[in-house]
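Where a number appears in this text, it was derived from the coordinates with a stated rule and is not lab data. These figures come from a predicted structure and were not determined experimentally. All Cβ positions, even for glycine, are placed from backbone atoms using ideal geometry, and neighbour counts span all protein chains on display.
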Amino acid sequence: QVQLVQSGAEVKKPGASVTVSCRASGYTFSGHHIHWVRQAPGQGPEWMGWFNPNSGDAKYAQRFQGRVTMTRDLSISSAYLELSSLRSDDTAVYYCARDRNYWTAPANYFDFWGQGTLVTVSS
Amino acid sequence: DIQMTQSPSSLSASVGDRVTISCRASQNIRTYLYWYQQRPGEAPKLLIYAASSLESGVPSRFSGSGSGTDFTLTISSLQTEDFATYYCQHSYTTPLTFGGGTKVEI
């Protein structure tokens with residue numbers, strides 16, 4: 001069965017960087033784009049961008065440009081989200097989510113999600 | 001950016017009730033509209049794709065309708081496990097955006 005398993009909770013100081021990992025199993029990792037979505041406490045989800053594990057291409061939401069980097073390690077079917085210059089309003093649960101489409105352009109909606117990683121930014 | 005506005009933001013209902021949730025897009029998004037259910041402490045779960053197609057494994061009491069700018073999620077007979085927050089999301093263009101959510105409470 002498809003599973004996305006994320007790394008554990010993080011506490012960071014303002015200005016630091018954080019990396020969240022997402023390990024995929026149960027499907028061909030290279031065949032589906034991975035999206036990153038975050039959700040601040042009590043808020044709706046917010047899309048951060050997508051990553052193509054096959055090509056290494058990424059598309060970031062403009063508001064995160066310059067602060068976000070998405071990468072992967074094909075050997076262990078894992079995707080990574082790095083967010084730098086952290087601020088208190090980056091405190092949120094960060095999710096990886098699989099794109100519906102297979103070996104084609106992303107459909108831009110999400111059929112499987114990781115369990116979420118809480119990132120807390122506090123001095 | 002396309003703004004997605006849901007109404008109501010919360011509602012109270014009883015088991016067996018018919019529940020309707022609305023989602024309005026700030027511009028025409030055709031049928032590039034999706035609905036998710038999120039229970040507390042869990043990740044969102046896909047219910048409806050392309051405005052009206054039921055995701056595999058989702059009970060048939062859930063249905064979606066609409067096109068253009070106005071969309072509806074209907075739960076025909078509310079069950080205990082349906083008490084959750086529901087979000088709409090568009091994929092017409094990037095950035096992908098979500099509605100603010102509708103919390104369905106007892």
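Size of the dipole of the protein assembly as shown about the Cα centre, Lys and Arg at +1 and Asp and Glu at -1 on the beta carbon, nothing else charged, in debye to 20? Dipole about the Cα centre, nearest 20: 220 debye. Spherically averaged projected area of the convex hull of Cα atoms, region B:8-106: 5.9 nm². Each of A:GLN62, A:SER21, A:TRP47 was placed along the dipole of chain A (beta-carbon charges, centred on the mean Cα), and the one lying farthest toward the positive end is A:GLN62.
To the nearest 0.05, what FRET efficiency results for A:ASP73 and B:GLN27 with a Förster distance of 25 Å applied to their C-beta separation? With R0 = 25 Å, the Cβ-Cβ based efficiency is 0.05. Taking every DSSP beta bridge that has both ends in the protein assembly as shown, the antiparallel portion is near 90%.
Shape annotation for region A:36-123: C-alpha extents along the principal axes are 42, 26, 23 Å, from largest to smallest.
With Cα atoms defining each centre, region B:31-87 and region B:9-25 are spaced 11 Å apart in the structure. Here's the list of lysines a cross-link from B:LYS103 could span, going by alpha-carbon distance under 21 Å and ignoring same-chain residues fewer than 8 apart: B:LYS45. Each residue of region B:38-43 was assigned a 3J(HN,Hα) from its phi angle through the Karplus expression (A = 6.51, B = -1.76, C = 1.60, θ = phi - 60°), giving 10, 8, x, x, 10, 6 Hz with x at Gly and Pro. Note on B:81-94: average number of Cβ atoms from other chains within 10 Å of each residue's Cβ is 2. Rounded to the nearest 20, the size of the Cβ-charge dipole of chain B about its Cα centre is 120 debye, with Lys and Arg at +1 and Asp and Glu at -1. Shielding value for A:103-111 is 5, the average number of Cβ atoms from other chains within 10 Å of each residue's Cβ.
Treating each Cα of the protein assembly as shown as an identical point scatterer and ignoring solvent, apply the Debye formula and state log10 I(q)/I(0) at q = 0.10, 0.11 Å⁻¹. Calculated log10 I(q)/I(0) at the listed q: -0.45, -0.54.
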